[in-house]
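Here is the structure we will look at.
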Amino acid sequence: MPFRGNANRRLEKLAAGEADALLLAVSGLERIGRQDMISEVLSPETMMPPIGAGILALQCREGDTELIEAVSALGDRDTYREATAERMFLHVLQGHCNSPIAGYARVDRGGELSLRACVFTPDGKTRLNAHEWAGRLDAATLGTSVAVSLLRQGAREIIDGIPH
């Protein structure tokens, strides 16, 4: 059910009995000092995040070499590969803002990249899943491959059947 308001307001609604449960980001609860409300932390395997969740990015002018040098050390190669795989996956699927699409790319300790993704109907009755490994290969190719796998399973029909 729609539940609007900031985290404090949502917690007030929960306490007032307007809902039986509430799903919020741990980081948001920590920021407002309400870690006491955390009863469970969901793993990405239990609830896959939306594309790019939790990734921060910096953008600067292309020709500003001084600024580019200053911020380049802030970049993380593994995060860049993960974001590239997820973004290419979403690009190939051509989802819209109401599309129930999720994806989670991870670089493991050995440097191998994988992408787990799904497309599902809003009611959750149909869920298409794909999971592939790219190893140390191109992240964009991995994103494309996972998207094609879901398209072969019928993702296009699910995405196109949802109004936007």
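The values are calculated or read from the model by the stated rules, or taken from the named source; none is laboratory data. On a predicted model such as this, the values are computed, not experimentally measured, just so you know. Virtual Cβ from ideal backbone geometry, glycine too; neighbours counted across all protein chains shown.
Numerical summary
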{"read-out": "Test result for Ala15, of a type in the set (A, V, I, L, M) and under 23 Å from the mean Cα position of the chain (by Cα)", "value": "no"}
{"read-out": "In region 9-41, the residues that are under 18 Å from Ile55 (Cα atoms) and in a loop (DSSP other than H, G, I, E, B)", "value": "Leu24, Ala25"}
{"read-out": "Scope region 1-16; condition of a type in the set (Asp, Glu) and closer than 27 Å to Asp123 by Cβ; matching residues", "value": "none"}
{"read-out": "Scan of region 49-100 for residues that are touching a Gly at 6+ places or on another chain (Cβ under 7 Å) and at pLDDT below 90, ordered by number", "value": "Ile51"}
{"read-out": "Whichever residue in region 40-96 is among the polar types (S, T, N, Q) and free of Cβ contacts under 8 Å to residues at least 40 places away in the same chain and, among such residues, is surrounded by the most Cβ atoms within 10 Å (Cβ to Cβ)", "value": "Thr79"}
{"read-out": "Test result for Leu113, in contact with a Lys or Arg (Cβ under 7 Å, 6 or more places away or on another chain), surrounded by 10 or more Cβ atoms within 10 Å (Cβ to Cβ) and in contact (Cβ under 8 Å) with a residue 12 or more places away in the chain", "value": "yes"}
{"read-out": "Residue check for Ala134: assigned to a strand (DSSP E or B) and either free of Cβ contacts under 8 Å to residues at least 60 places away in the same chain or within 25 Å of Pro163 (Cβ to Cβ) (or both)", "value": "yes"}
